[in-house]
Amino acid sequence: MRECSKCKVYKLNRCFYKRSDTYGFRSRCKECINKDNKTWHLNNKGKVNKRKNDYNKKNHNKVSKAKRNERYKKRYNITIEEYERMAKDQSNMCKICNKNTKLVVDHCHKSNKVRGLLCQGCNLGLGAFKDNYNNLNKAITYLMESVIE
């Protein structure tokens, strides 16, 4: 047990962060350090935001890729590497219209299973039919019947 130099309460060693430069522990407990850090961040929002913005500008590609990876993981449960592999397997072409354009992830809204990569137009088209095969087939029949030669 040790005494926190700030709150003066005796606490177990696990309540203190380890020092990185030597063996031993920090003099203030985790609770006091975290409270002080939170207060500092609230009182210095301008500095914090400037620091974040500067970092994001310097590391745009890294930050952008990390954000995309996070978004793909959350929405589709795939990594950016899996997306890039799928795009390569499809020769960077839409699975429906074979256009070589920016590809978006197409997935089943019921099972959340990724089906492939499509161009924005094809993905929106499928989305408009809400993955309903019957209506999609009716639309195909309609188009085939109404072809004017």
For this session: Please report Rg over Rh for the stretch 105-145, where both radii come from the alpha carbon positions and Rh follows the Kirkwood definition.
Result: 1.02
Problem set entry | Listed peptides 126-133, 22-29 by packing density, highest first (mean Cβ within 10 Å) | 22-29, 126-133
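Given R₀ = 25 Å, what would the calculated FRET efficiency be for K102 paired with A128, taking r from the Cβ atoms and rounding to 0.05? Kindly include the intermediate steps, with their values, before the conclusion.
On the way: r = 19 Å, r/R0 = 0.77.
Taking R0 as 25 Å, the efficiency between K102 and A128 is 0.80.
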Exercise. Toward the positive end of the charge dipole of the stretch 53-145, about the Cα centre and with charges on Cβ (Lys, Arg +1; Asp, Glu -1), which of S64, N135, A87 goes farthest?
Worked result: S64
Problem set entry | Alpha carbon centroid spacing (whole Å) that separates the stretch 112-130 from the stretch 33-99 | 23
Exercise. What is the calculated FRET efficiency for V9 to K45, with r their C-beta to C-beta distance and R₀ = 35 Å, to the nearest 0.05?
Worked result: 0.70
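Give me the one-decimal Kirkwood hydrodynamic radius in Å for the stretch 53-145, with the sum taken over alpha-carbon pairs. Could the numbers behind the result be given before it?
Values: mean 1/r = 0.0667 Å⁻¹.
Result for the stretch 53-145 stands at 15.0 Å.
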Seminar exercise, completed: Looking only at aspartates and glutamates whose Cα falls under 16 Å of K45's and that sit 8 or more positions away or on another chain, we get D36, D54
For this session: For the stretch 20-77, go through all pairs of different Cα atoms, get the mean of 1/r, take its inverse, and jot down that Kirkwood value in Å.
Result: 14.6
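Calculate the FRET efficiency for R75 and N137 from the Cβ-Cβ distance with a Förster distance of 30 Å, rounded to the nearest 0.05. Don't skip to the end; give the middle numbers.
Values: r = 28 Å, r/R0 = 0.94.
Working from the Cβ atoms, E equals 0.60.
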Problem set entry | Under 20 Å from K138, Cα to Cα: lysines that are on another chain or at least 8 residues apart | K130
Exercise. Per-residue ellipticity at 222 nm for the chain, helices alone: DSSP H runs ≥ 4 residues times -39500 (n - 2.57), over residue total, nearest 500 deg cm²/dmol?
Worked result: -16500 deg cm²/dmol
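Which value, in debye to the nearest 20, describes the size of the charge dipole of the stretch 53-145 about its Cα centre when Lys and Arg Cβ atoms bear +1, Asp and Glu Cβ atoms bear -1, and nothing else is charged? Mind showing how you got there, number by number?
On the way: 20 positive and 9 negative charges, 86 e Å.
For this selection, approximately 420 debye.
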For this session: Give me the distance in nm between label points sitting 7 Å out from Cα along the Cα-to-Cβ direction at K38 and E84, one decimal.
Result: 3.9
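No lab work stands behind these numbers, since they all come straight from the coordinates. None of these values were measured; they are calculated from a predicted model. Ideal geometry is used to build each Cβ from the backbone, glycine not excepted, and the neighbour counts take in all protein chains shown.
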